[in-house]
Amino acid sequence: MRPEIGRARELRRNMSEPEIMLWSRLHRLRSQGFPIRRQFPFRGYFLDFACPSRRVVTEVDGFQHAEDRQAEHDFVRDRLLEPHGFRVIRVWAGEVRRDLSGVMDQIISVLELSPM
């Protein structure tokens, strides 16, 4: 098994509560033509949730993403994804907890507007 596959499986087993909440809704979108994958390996990164066919990535950010070092890391990764046609949606973990339906509405809007 390739190392990135093992790491992705480990990350799937250890998802945060907000990631679990969001995944419980995102995986249902497959029936609507949006094949979402979780902990998707891409160019040395593991994307929280990705719809490769629509080139949409959803990242669930906790408090550590507000810190300068992590924010810089996120910025670099987002810039790496852009030339490959990916659009990144960043949602705060607290927002997922407070307003999961609103977060889903935002994600679905982007997915529907993204070309196949």
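The values are calculated or read from the model by the stated rules, or taken from the named source; none is laboratory data. As the structure is a computational prediction, the values presented were derived from the model and not from experiment. For neighbour counting, all protein chains shown are included, and Cβ atoms are generated from backbone atoms with ideal geometry for every residue, glycine included. These area figures cover heavy atoms from the full protein model, side chains too; ligands, DNA and RNA do not enter into them. Shrake-Rupley method; radii C 1.70, N 1.55, O 1.52, S 1.80 Å.
Is it true that some residue in the range 45-62 is in a helix (DSSP H, G or I), in contact (Cβ under 8 Å) with a residue 24 or more places away in the chain and open to solvent by less than 40 Å² (accessible area, probe 1.4 Å)?
No, every residue in the range 45-62 fails to be in a helix (DSSP H, G or I), in contact (Cβ under 8 Å) with a residue 24 or more places away in the chain and open to solvent by less than 40 Å² (accessible area, probe 1.4 Å).
Can you find even one residue in the range 47-66 that is out of contact with any Lys or Arg (no Cβ under 6 Å at 6 or more places or on another chain), on the phi > 0 side of the Ramachandran plot and of a type in the set (D, E, K, R)?
yes
I'd like to verify a number: residues in the range 85-116 that are open to solvent by 60 Å² or more (accessible area, probe 1.4 Å) and within 21 Å of Phe46 (Cα to Cα), how many?
3
Every residue in the range 24-38 that is farther than 16 Å from Val96 by Cβ and within 14 Å of the chain's Cα centre (by Cα), please.
Of everything in the range 24-38, those that are farther than 16 Å from Val96 by Cβ and within 14 Å of the chain's Cα centre (by Cα) turn out to be Phe34, Pro35, Arg37.
How many residues, within the range 20-33, are open to solvent by 10 Å² or more (accessible area, probe 1.4 Å) and either touching a Phe, Trp or Tyr at 6+ places or on another chain (Cβ under 8 Å) or touching a residue at least 60 places away in the same chain (Cβ under 8 Å) (or both)?
The qualifying residues number 3.
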